Amino acid sequence: KRVYVVYAAMTAEQIKYNKMIADGTLSKKLPGREVKGGMANPNPESSLDNTMMQMRKCCNHPYLFEAPVDNGGDWVVDERLVQASGKMILLDTMLKTLKQHGHKVLIFFQMTRMMDLVEDYLSQLKGWNCCRIDGSVSYQERQDQLKDFAQDDDCFIFLLSTR
């Protein structure tokens with residue numbers, strides 16, 4: 001067994017958010033959810049008081065603060081989803097190689113909203129099947145997901161919540 005530690009650099013957008021978190025100006029920047037055809041805050045009820053949690057979100061993906069939406073108000077899933085986050089750029093590169101070599105992949109998440117972003121990336125942007133278990137999945141569904149992952153070669157990624 002080998003363990004690799006891979007570091008992902010923050011993108012310019014992540015650095016911008018990081019600075020706003022550090023100087024306390026992030027709350028002035030974020031739009032409300034009602035925005036159409038621009039940027040929308042996916043969780044306007046979220047408190048910005050916990051600086052460390054905001055820094056963790058920033059390191060994961062800036063779409064955890066605001067994400068592009070179309071004129072209908074639906075989230076836009078395109079290449080910007082990958083390019084906005086250093087972790088997503090790295091994940092995109094690694095998954096292409098792992099899929100090419102026939103590997104199965106487990107990805108663990110502490111934030112289910114980040115899990116949602118990666119699931120959208122996998123299904124809508126890449127067209128890849130994945131399995132997912134989080135706190136809302138029933139026992140029977142968990143069993144079905146485990147069976148699918150083990151037996152279905154098309155399903156090579158399993159998203160798992162640690163919460």
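Below are the figures for this structure:
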{"item": "Whole-number accessible area per residue in Å² for the chain, which is evaluated in the context of all protein chains at 1.4 Å", "result": "60"}
{"item": "Cα→Cβ-extended label distance, 7 Å offset, between ARG2 and MET53, nm", "result": "3.9"}
{"item": "Set of lysines with alpha-carbon distance to LYS96 below 22 Å, sequence-local pairs under 8 removed", "result": "LYS1, LYS87, LYS104, LYS126"}
{"item": "All aspartates and glutamates inside 17 Å of LYS19 as judged from Cα atoms, apart from same-chain residues fewer than 8 positions distant", "result": "ASP49, GLU66"}
{"item": "By accessible area with a 1.4 Å probe, ligands and nucleic acids excluded, highest first: order of THR11, THR97", "result": "THR97, THR11"}
{"item": "Accessible heavy-atom area order of HIS61, HIS103, highest first, probe of 1.4 Å", "result": "HIS103, HIS61"}
{"item": "Overall dimensions of the chain by Cα: Rg and Dmax, Å", "result": "16.8, 50"}
{"item": "List LYS19, LYS57, LYS99, ordered by accessible area with a 1.4 Å probe, largest first", "result": "LYS19, LYS99, LYS57"}
{"item": "Calculated FRET efficiency for the pair VAL76/VAL105, C-beta based, R₀ 25 Å, to 0.05", "result": "0.50"}
{"item": "For VAL105, distant residues with modelled amide H under 5 Å away", "result": "ILE157, PHE158"}
{"item": "DSSP bridge pairs, the chain: antiparallel proportion in percent, nearest 5", "result": "25"}
{"item": "Counted charge near MET10, where neighbours are those whose Cβ lies closer than 14 Å (Asp, Glu -1; Lys, Arg +1)", "result": "+4"}
{"item": "Ratio Rg/Rh, restricted to segment 46-115 and using Cα atoms, in which Rh is the Kirkwood radius", "result": "1.03"}
{"item": "Spin-label model distance (nm) - ASP153 vs ASP134, 7 Å beyond Cα toward Cβ", "result": "3.1"}
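The values are calculated or read from the model by the stated rules, or taken from the named source; none is laboratory data. Predicted, not measured: the structure shown is a model, and the values here were computed from it. Every residue, glycine among them, receives a Cβ derived from its backbone with ideal geometry; neighbour counts consider all protein chains shown. For accessibility, only protein heavy atoms count, side chains too; no ligands or nucleic acids. Shrake-Rupley method; radii C 1.70, N 1.55, O 1.52, S 1.80 Å.
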